[in-house]
Amino acid sequence: PLGQRHAYSDYYASHCGKFELVSDITGLPLWVSCCFGGRGSERAIMEYDGCGLTFKEYWGLFQKQFQEEFGEDATLALMADKGTRVRDLVKELHGQYICPSSLKDGLVMLVDAEKNEEIAQARVHVERAIGRVKRFRILTGTLPHKLMPKIDDILFVCVWASIYQPCD
């Protein structure tokens with residue numbers, strides 16, 4: 001019962017697993033979280049350290065490498081959906097948080113519309129990468145309970161194997 005409660009997502013109105021994936025602009029996976037039950041928040045998933053490097057540890061290593069290559073003033077940016085609630089985490093890590101602008105009084109300012117278009121052009125590559133992961137049919141439908149202890153391994157294999165699938 002406790003596992004069922006943690007796995008239920010009000011958003012999806014079903015039992016499911018959630019994970020976070022950070023990729024580069026081409027869709028190449030850079031960091032993958034553990035699999036959480038449907039109640040897991042983005043922030044909790046990114047701060048958990050049960051599957052190797054936490055997002056913070058990964059960000060620190062990548063920021064150091066990024067600055068060595070592009071200079072001390074270079075700043076990493078995280079592009080996210082509107083609903084992702086990690087803006088404060090990225091700011092805490094001295095990064096830039098990029099997400100599409102929301103409507104204000106039912107309107108989008110012209111400058112925001114242009115920014116949203118640029119973000120959408122970059123996000124299409126990331127969305128394709130996510131789509132490739134989802135096409136591994138093992139991640140859809142119901143998984144037997146006996147596979148639950150291996151869910152993180154299954155997730156990692158699907159994420160990393162997806163880079164070898166042809167792009168759409």
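The values are calculated or read from the model by the stated rules, or taken from the named source; none is laboratory data. Just so it is clear, the structure is predicted and the values come from calculations on it, not from any experiment. For neighbour counting, all protein chains shown are included, and Cβ atoms are generated from backbone atoms with ideal geometry for every residue, glycine included. Surface areas here come from the heavy atoms of the whole protein model, side chains and all, with no ligands, DNA or RNA. Shrake-Rupley method; radii C 1.70, N 1.55, O 1.52, S 1.80 Å.
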Original post:
Which of the residues belonging to segment 53-77 are closer than 17 Å to S41 by Cα and in contact (Cβ under 8 Å) with a residue 12 or more places away in the chain?
Top reply: F55, K56
Original post:
Quick one: which of F55, F36 is open to solvent by less than 70 Å² (accessible area, probe 1.4 Å) and more than 12 Å from the chain's Cα centre (by Cα)?
Top reply: F36
**OP:** Quick one: count up the residues across segment 68-111 that are charged (D, E, K, R), in a loop (DSSP other than H, G, I, E, B) and at pLDDT 80 or above.
**Re:** 2
Subject >> From the options K64, K82, residue that is open to solvent by 70 Å² or more (accessible area, probe 1.4 Å) and touching a Cys at 6+ places or on another chain (Cβ under 6 Å) >> reply: K82
Original post:
Can you pull out the residues in segment 147-168 that are at pLDDT below 85 and either touching a Ser or Thr at 6+ places or on another chain (Cβ under 8 Å) or open to solvent by 80 Å² or more (accessible area, probe 1.4 Å) (or both)?
Top reply: M148, W160, Y164, P166, C167, D168
